[in-house]
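Structure first, commentary second.
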Amino acid sequence: MAAIAVVGSLNIDLVMRAPHCPKKGETMIGGPFGMAGGGKGSNQALAAARLNASAYIIGCVGDDDFGRRLRSLLIENGVDCSHLQTRKEAATGTALIAVTHEGENAIILSPGANSLLDEQAISDAKDIFMKSDCALFQMESPPFTVAAGLKLARQSGCRTFLSAEPPFSLPRESWTNIDYMILNERALGFYAGHKSQQKSSSSSSITAMAHEILKRGVKNLVVTQSAKGGMIFINNGDHFSFDAFNIRAVDNTGARDAFCSGFCIALTEGQPVKRAAKFASACGALACTKIGAHPSLPWRHQVGALLGEAADDEYEL
């Protein structure tokens, strides 16, 4: 069984259906409202547990009903919360999410207690890194905390993964502590120094930007392209594309987090990188089929069922 330490954010998501993402100054009548667990760290830890991994969460919640709700939900799903801190200085993180009928979303995030996750919390969790196979980070935590975590995880023998969104600058020394950096095209443009990067780029442009990042010491790079699948760049110079699954998207909140957890677990279980990408794509696709982040995260048997319906000869190494 894979063991994964997830360092990151925990939020309560307040989700409402909308005919389209609101524009500046616009008031609209929305559809049904729902409240669910979220935050990239919480999503990734819960996804890992549902994929039959031993999952640990390192993060912060407020001393409030939202924080208690998140802790209970994670524990009920088998996530180890021994290093989930309760902080009185701030409220639990909260996200306001508008979801269109096409499954796209617009999000306003109040970090709350997530901003209090510090280097001491990382140091205190050294025992978690020591017994984990891999460590998964994302950028909803303070960058200096992410940098400290990447360093300690690497020193502890963990394979390190960074879901590099939302994009924030990292200390230069952090790049060499990243085994797999997972990001979308916009974040790729940010980290490659192309601040005006558009949502969609040509394959040659993506390749050029990916190599700019690999030169900084990142071992491998995964660029996700939503319904188009994505590309993976290996540190030996190889690269390849992978396909997305054809599903009807209801809400894509949490889909990238499901992908990231699935990718970590598949690699840790010994799957070749191409098959790991396919497994991760199935996780991400299933996470688009329900409203809300936590409710949509798939179980291992659901991923297996989806993979069983797809021909996989092209993914063999």
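Are there any strands (runs of 3 or more DSSP E) wholly within region 73-148 with 2 or more residues that are farther than 17 Å from G37 by Cα, touching a Cys at 6+ places or on another chain (Cβ under 7 Å) and touching a residue at least 12 places away in the same chain (Cβ under 8 Å), and if so which? It would help to see each step written out before you state the result.
Values: elements: 80-87, 93-99, 105-110, 134-138.
Output list reads 134-138.
Only one residue in D64, D80, D133, D124 is touching a Phe, Trp or Tyr at 6+ places or on another chain (Cβ under 9 Å), at pLDDT 95 or above and of a type in the set (D, E). Which one? Spell out the reasoning first.
Numbers: D64 fails: touching a Phe, Trp or Tyr at 6+ places or on another chain (Cβ under 9 Å); D133 fails: touching a Phe, Trp or Tyr at 6+ places or on another chain (Cβ under 9 Å); D124 fails: touching a Phe, Trp or Tyr at 6+ places or on another chain (Cβ under 9 Å).
So the residue among D64, D80, D133, D124 that is touching a Phe, Trp or Tyr at 6+ places or on another chain (Cβ under 9 Å), at pLDDT 95 or above and of a type in the set (D, E) is D80.
Can you find, within region 1-35, the residue that is surrounded by the fewest Cβ atoms within 10 Å (Cβ to Cβ) among those that are under 30 Å from M130 (Cβ atoms) and of a type in the set (A, V, I, L, M, F, W, C)? Please lay out each step first, then the result.
Filtering region 1-35 down to residues under 30 Å from M130 (Cβ atoms) leaves 1-11.
After this cut, where a residue has to be of a type in the set (A, V, I, L, M, F, W, C) as well, the list is 1-7, 10.
Details: M1: 9, A2: 20, A3: 19, I4: 28, A5: 29, V6: 36, V7: 31, L10: 32.
It comes out as M1.
Can G59 be described as small (G, A, S), at pLDDT 95 or above and outside any loop (DSSP other than H, G, I, E, B)? Walk me through how you get there before you give the answer.
Numbers: small (G, A, S): yes; at pLDDT 95 or above: yes; outside any loop (DSSP other than H, G, I, E, B): yes.
Criteria met by G59.
Would you check which residues across region 149-163 are part of a helix (DSSP H, G or I), of a type outside the set (D, E, K, R) and without any contact (Cβ under 8 Å) to a residue 60 or more places away in the chain and list them? Outline the logic, then answer.
Pass one, region 149-163, residues part of a helix (DSSP H, G or I): 149-155.
Subset that is of a type outside the set (D, E, K, R): 149-150, 152-153, 155.
Correct list: L150, L152, Q155.
Residues checked against (1) within 18 Å of L162 (Cβ to Cβ); (2) more than 21 Å from the chain's Cα centre (by Cα); (3) polar (S, T, N, Q):
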residue: S205; (1), (2), (3): no, yes, yes
residue: A208; (1), (2), (3): no, yes, no
residue: I213; (1), (2), (3): yes, no, no
residue: N220; (1), (2), (3): yes, no, yes
residue: T224; (1), (2), (3): yes, no, yes
residue: K228; (1), (2), (3): no, no, no
residue: I232; (1), (2), (3): yes, no, no
residue: N236; (1), (2), (3): no, yes, yes
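Report, ordered by the first and then the second residue, all pairs with beta carbons closer than 9 Å, sequence separation of six or more or different chains, a first member in region 222-244 that is within 14 Å of P272 (Cβ to Cβ), and a second member that is among the polar types (S, T, N, Q).
I232/N220; I232/S241; I234/N220; F242/S281
For region 74-109, which residues satisfy the criterion of being farther than 16 Å from G254 by Cα and surrounded by fewer than 16 Cβ atoms within 10 Å (Cβ to Cβ)?
Initially, region 74-109 is screened for residues farther than 16 Å from G254 by Cα, giving 75-92, 101.
Of everything in region 74-109, those that are farther than 16 Å from G254 by Cα and surrounded by fewer than 16 Cβ atoms within 10 Å (Cβ to Cβ) turn out to be I75, E76, G78, S82, T86, K88, E89, H101.
Which one of A227, A266 is buried (at least 21 other Cβ atoms within 10 Å of the Cβ), of a type outside the set (D, E) and assigned to a helix (DSSP H, G or I)? Lay out the reasoning, then the answer.
Details: A227 fails: buried (at least 21 other Cβ atoms within 10 Å of the Cβ).
Every option except A266 fails the conditions.
Does F33 meet the test of being over 19 Å from the mean Cα position of the chain (by Cα) and touching a residue at least 40 places away in the same chain (Cβ under 8 Å)? Break it down stepwise before answering.
Working: over 19 Å from the mean Cα position of the chain (by Cα): yes; touching a residue at least 40 places away in the same chain (Cβ under 8 Å): no.
Judged against the criteria, F33 is not a match.
So which residues in region 108-129 are touching a Gly at 6+ places or on another chain (Cβ under 9 Å) and farther than 17 Å from G59 by Cα?
none
Conditions tested, residue by residue: (1) closer than 13 Å to N43 by Cβ; (2) surrounded by fewer than 23 Cβ atoms within 10 Å (Cβ to Cβ); (3) in contact with a strand residue (DSSP E or B) (Cβ under 6 Å, 6 or more places away or on another chain); (4) of a type in the set (D, E, K, R).
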residue: A276; (1), (2), (3), (4): no, no, no, no
residue: A293; (1), (2), (3), (4): yes, no, yes, no
residue: R300; (1), (2), (3), (4): no, yes, no, yes
residue: L307; (1), (2), (3), (4): no, yes, no, no
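The values are calculated or read from the model by the stated rules, or taken from the named source; none is laboratory data. Predicted model only: the values in this text are computed from it and were never measured. Backbone-built Cβ (ideal geometry, glycine too); neighbour counts: all protein chains shown.
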